[in-house]
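Worksheet: the structure to be examined is printed underneath.
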Amino acid sequence: MGRKTNLRNKTNRNLDLIESSRFSGPSSPSLKIRVESLGQEDIGATKFHNRAKESFRPAVIKIFLDGVDTKKALTPKDFMDYSRISFSVVQGELIVTGIKASLTDQLISSIWFFRFVSRGDYRGRVEERIV
């Protein structure tokens, strides 16, 4: 089991992340992840990357709030680069920020015992804007 990426929905709306191949139509999304309002979800950091690699098609992960396309998207690499990705709305605009994954995150996830001890400790780590 590899490193996880924590998805945090700081909005009062349901958040959907929908994988879409750049070469397929919008009616055929491959994978959908829902994060309830003010909720969070842990997913495998390489989940989208591995799926894109296996299908030989580049993918984007479109962001929807309450079923409405925000016209913003993430790449599979974003989930590998950040250990936490947060979604918030400021003055009507969706803001996506993240905390970069560190070498420590990778090492801890490979040692079974420490996965539970250090889970979710982001104190002192800088959040940066992704989208």
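The values are calculated or read from the model by the stated rules, or taken from the named source; none is laboratory data. None of the values given here were measured: they were computed from a predicted structure. Every residue, glycine among them, receives a Cβ derived from its backbone with ideal geometry; neighbour counts consider all protein chains shown.
Output the number of the condition that Phe23 fails; it satisfies all remaining conditions of (1) modelled with pLDDT under 95; (2) within 24 Å of Arg125 (Cα to Cα); (3) aromatic (Phe, Trp, Tyr).
Single failed check for Phe23: (2).
Among the residues that make up the range 4-13, is at least one of them in a strand (DSSP E or B), of a type in the set (D, E, K, R) and at pLDDT below 90?
The answer is yes, given that some residue of the range 4-13 is in a strand (DSSP E or B), of a type in the set (D, E, K, R) and at pLDDT below 90.
For the range 34-67, give me the residue count where each residue is assigned to a loop (DSSP other than H, G, I, E, B) and within 9 Å of the chain's Cα centre (by Cα).
Here the count works out to 1.
Any residue at all in the range 68-88 that's among the β-branched types (Val, Ile, Thr), surrounded by 12 or more Cβ atoms within 10 Å (Cβ to Cβ) and either at pLDDT below 90 or not in a loop (DSSP other than H, G, I, E, B) (or both)? Before you say what the answer is, go through the steps one by one.
Looking only at the range 68-88, we keep the residues that are among the β-branched types (Val, Ile, Thr), and these are 68, 70, 75, 85.
Narrowing the set further to residues that are surrounded by 12 or more Cβ atoms within 10 Å (Cβ to Cβ) leaves 70, 75, 85.
Subsequent filtering for residues that are either at pLDDT below 90 or not in a loop (DSSP other than H, G, I, E, B) (or both) retains 70, 85.
Checked the range 68-88: at least one residue is among the β-branched types (Val, Ile, Thr), surrounded by 12 or more Cβ atoms within 10 Å (Cβ to Cβ) and either at pLDDT below 90 or not in a loop (DSSP other than H, G, I, E, B) (or both).
Take Lys77 and tell me if it is free of Cβ contacts under 8 Å to residues at least 40 places away in the same chain and under 17 Å from Ile130 (Cα atoms).
Against the criterion (free of Cβ contacts under 8 Å to residues at least 40 places away in the same chain and under 17 Å from Ile130 (Cα atoms)), Lys77 qualifies.
If we keep just the residues of the range 32-56 that are of a type in the set (A, V, I, L, M, F, W, C), at pLDDT 75 or above and surrounded by 14 or more Cβ atoms within 10 Å (Cβ to Cβ), which is farthest from Pro76 (Cα to Cα)? I'd like the intermediate steps shown before the answer.
Quick first cut of the range 32-56, residues of a type in the set (A, V, I, L, M, F, W, C) only: 33, 35, 38, 43, 45, 48, 52, 56.
Filter once more, so that each one left must be at pLDDT 75 or above: 33, 35, 38, 43, 45, 48.
Retained after the next criterion (residues that are surrounded by 14 or more Cβ atoms within 10 Å (Cβ to Cβ)): 33, 35, 43, 45, 48.
Details: Ile33: 13, Val35: 17, Ile43: 12, Ala45: 9, Phe48: 5 Å.
For the range 32-56, the residue satisfying everything is Val35.
Can you find a residue in the range 93-109 that is at pLDDT 95 or above and loosely packed, with under 12 Cβ neighbours inside 10 Å?
Within the range 93-109 (the criterion being at pLDDT 95 or above and loosely packed, with under 12 Cβ neighbours inside 10 Å), the answer is yes, since at least one residue qualifies.
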